[in-house]
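Participant: Quick one: structure below, then a few questions.
The values are calculated or read from the model by the stated rules, or taken from the named source; none is laboratory data. On a predicted model such as this, the values are computed, not experimentally measured, just so you know. Quick reminder, even Gly has a Cβ in these numbers, built from the backbone with ideal geometry, and neighbours come from all protein chains shown. Just so you know, the surface numbers come from the protein's heavy atoms only, side chains and all, with ligands and any DNA or RNA stripped out. Shrake-Rupley method; radii C 1.70, N 1.55, O 1.52, S 1.80 Å.
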Amino acid sequence: MRFFEDNVITTKLEDLVNWGRKYALWPMPYGTACCAIEFMGTVASMHDISRFGAEVVRFSPRQSDLLLVMGTINYKQAPVLKRIYEQMCDPKWVIAVGACAASGGFYNNYSVMQGIDEIIPVDVYVPGCPPRPEQIMNAVIKIMDKIDPRKSLD
Ligand code: SF4
């Protein structure tokens, strides 16, 4: 009787849920400048981010678990970015796309935040001005690697 062995797998609930999280990231794009255009290329058919299960781009933080910050962030909008992060589902991850989001880029002045990690945690930094779509996809893959399927459910 081989029916049971060939047709049934066993696992733990937390493994199953984390596997689902890993392969079904829902990105929220927070684009304020040119790097956001690169993200448009990333989700377009030529690069096809859906290969990694991350194509369900949402514009509501309550429906997203992956925040991509793309562009210059000034201090005036810092509270807005922080509130969006706080409204996102848990667990959640953040990618700082490009030099501006990571370090202020070449806008070294009083009004521009010198890196979004001043206000929210960043999981992956993408270098470049602008980064290529391949680099953004690589960051998504790094986030997937960070989602440990054995991690306990919150
Ligand atoms: S890093 Fe460069 S390309 Fe990206 S938003 Fe800043 S100036 Fe634009």
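Participant: Got a number for carbon plus sulfur as a percent of the chain's accessible area, 1.4 Å probe?
Facilitator: 57
Participant: Continuing with this model, one more query. In whole percent, what relative contact order does the chain give with Cα contacts below 8 Å and a gap of six or more residues? Display every interim value, and only then the final one.
Facilitator: Values: 268 pairs, mean separation 41.5, N = 154.
The normalised contact order for the chain reaches 27 percent.
Participant: I would also like to ask the following. Taking loop as defined by DSSP and a crowding limit of 10 other beta carbons within 10 Å, which trypsin sites (Lys or Arg not before Pro) in the range 1-103 fit? Let's see the in-between values first.
Facilitator: On the way: sites: R2, K12, R21, K22, R51, R58, R62, K76, K82, R83, K92; in loops: R2, K12, R58, K76, K92.
When the trypsin sites (Lys or Arg not before Pro) of the range 1-103 are filtered for loop state and at most 10 Cβ neighbours within 10 Å, R2, K76 remain.
Participant: Whats the longest run of the chain with zero chymotrypsin sites (Phe, Trp or Tyr not before Pro) that are DSSP loop and have at most 14 other Cβ atoms within 10 Å?
Facilitator: With a cap of 14 other Cβ atoms within 10 Å, the longest stretch comes to 111-154.
Participant: If the viscosity is 0.692 mPa s and the temperature 37 °C, what translational diffusion coefficient in µm²/s does Stokes-Einstein give for the chain when Rh comes from Kirkwood over Cα pairs? All intermediate terms of the calculation are to be shown ahead of the outcome.
Facilitator: On the way: Rh = 16.4 Å.
Once the numbers are plugged in, D ends up at 200 µm²/s.
Participant: OK, next. Please give the per residue accessible area of the range 1-88, computed with a probe of 1.4 Å over protein heavy atoms only, in Å².
Facilitator: Values: 5510 Å² over 88 residues.
Averaged over the residues of the range 1-88, the accessible area is 63 Å².
Participant: What pairs from K12/K92; K22/K92; K92/K146 go past 20 Å between their alpha carbons?
Facilitator: On the way: K12/K92 22 Å; K22/K92 11 Å; K92/K146 11 Å.
Table pairs above 20 Å Cα-Cα are K12/K92.
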